[in-house]
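Structure record follows, encoded as structure tokens.
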Amino acid sequence: MAVGDKAQKRVEVDLGDRSYPVLIGPGASGELVEILPAEARRVAVVTQENIGISLDLGDRMVKVFNVPDGEEAKNFIWLEWLVRGFVEFSMTRSDIVLAVGGGVVSDLAGLAASIYHRGIRVINVATSLLAMVDAAIGGKTAINIPEGKNLIGTFHQPLAVICDTDHLQSLPEEELYCGRGEMAKYAFLGAPDLIDLPLVSQISACVSIKASFVSQDEREGSKRALLNYGHTLAHAIEAQAFGPSSPRIKHGQAVGVGLVFAARLAEKLARIGEKEVAFHRQVVTSYGLDPEIPAWVRRDELVEVMLRDKKVKSGLTFVLDGEDGLEVVSDIDPEVVRSVLDLAP
């Protein structure tokens, strides 16, 4: 992955009086103490033991809440544990939650913050590439249930997002691949040449695109749904990997598979041709991702899970490419989807 870009960048998520900055670059965590509201006397730091990042929080009272690694942390048990912990910490509406970690942490901590006292403030300190380019920005919070991923959640915008690229230096390679899956998605949303840019510029390009979508459609009523490109199949695959003994797949890897599948489905529906499908495969593989559905996936169960996807308004719903670019397409015949699943290697 390209490096360079030593200067910090700032992207604004424009939501009127609820607008907030996303600070990107090496050393961005140093801005945190100035961003914290003066009246916040208590800071609940939600993180994971293996992250181990120390932050300057001034003279505030701090309590650390370590949650488990992986999607297993995103459930009602850990949500209740967090909220009850906030009560024991005597947190008020003036205090703040600090989510320090990847997408799992910001999803869970953000949901807990959104429902505690009917909503307290949260700042996301993204420590994974996936969180920096996608998960920490936009206010989506969620937990999983056995029936599907992210089916229980709220929209709760953060006060700020910190993307300190120094935190990526110790990130395992598989975690970088997780973020690259989301970055591959942005090739179809206006940033086709990301892979050639320095890292900070890659991240800020993704953040700028997402900020634009969120500013125009905060609650995913229309245009913001396009950010879910590749996610319908991805979430269905991930739903088969929730159990402790289940096969493992990172979110970004599943998105890479979902992007190529969505292209194949669009071709089946005569929306695009073979050339466009080949381009999707080229983009996904250029990020080092495998575009094929893993052998362990139970394909016969995928359609039922996709029918429960949160984007569904009428029948099977996918974001698909076409002559006019990406759009949300509903009421897709399940047999057509099954035929593409059966044809996929």
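Structure values in brief
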{"read-out": "Amide proton proximity set for H156, modelled H, under 5 Å, gap of 5+", "value": "K140, T141"}
{"read-out": "Formal net charge of residues neighbouring V97 (Cβ-Cβ distance under 11 Å; K, R +1; D, E -1)", "value": "+2"}
{"read-out": "Built amide H within the under 5 Å cut-off of D217, gap 5+", "value": "none"}
{"read-out": "Radius 12 Å from Cβ of G325, net charge of other residues (Lys, Arg +1; Asp, Glu -1)", "value": "-3"}
{"read-out": "Residue-wise HN-Hα coupling along region 200-212, computed from phi with Karplus coefficients 6.51, -1.76, 1.60 (Hz; x: Gly, Pro)", "value": "4, 5, 4, 5, 5, 5, 5, 4, 4, 5, 5, 4, 5"}
{"read-out": "Whole-Hz couplings from phi, Karplus 6.51/-1.76/1.60, listed for region 125-141; x for Gly and Pro", "value": "10, 7, 10, 10, 5, 4, 5, 5, 8, 8, 4, 7, 10, x, x, 6, 10"}
{"read-out": "Label corresponding to P(r) over Cα pairs in 10 Å bins from 0, in percent when calculated from the structure given, among [x] 5, 20, 24, 20, 16, 11, 3, 0; [y] 5, 19, 21, 17, 14, 11, 7, 3, 1, 0; [z] 6, 27, 35, 23, 8, 1, 0", "value": "[z]"}
{"read-out": "Cα centroid separation - region 283-344 against region 22-39, whole Å", "value": "39"}
{"read-out": "Efficiency of FRET between S286 and R18 - r from beta-carbon atoms, R0 25 angstrom, step 0.05", "value": "0.10"}
{"read-out": "Candidates K149, K74, K268: whichever shows maximal mean-square fluctuation once the chain is modelled as a Gaussian network with Cα springs under 10 Å", "value": "K268"}
{"read-out": "Pair E72, R219: separation of 7 Å Cα→Cβ label points (nm)", "value": "3.6"}
{"read-out": "Simple spin-label estimate for K275 and E301 in nanometres, 7 Å along Cα-Cβ", "value": "4.1"}
{"read-out": "Dipole of the chain [Lys/Arg +1, Asp/Glu -1 at C-beta], most positive-end residue of G16, A184, V336", "value": "G16"}
{"read-out": "Additional length obtainable on full extension of the chain from E147 to E174, 0.36 nm per residue less Cα span", "value": "7.1 nm"}
{"read-out": "E88/R10 FRET efficiency (R0 35 Å; Cβ-Cβ; nearest 0.05)", "value": "0.45"}
{"read-out": "Of K9/K149; K185/K268; K140/K275, pairs whose Cα-Cα distance is over 23 Å", "value": "K9/K149; K140/K275"}
{"read-out": "GNM top mover of E218, E72, E173 - the chain, alpha-carbon springs below 10 Å", "value": "E173"}
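Just so you know, all these numbers are worked out from the coordinates, no wet-lab data involved. Quantities reported herein were computed from a predicted structural model and do not represent experimental measurements. Glycine also receives a Cβ, built like all others from the backbone with ideal geometry; neighbour counts cover every protein chain displayed.
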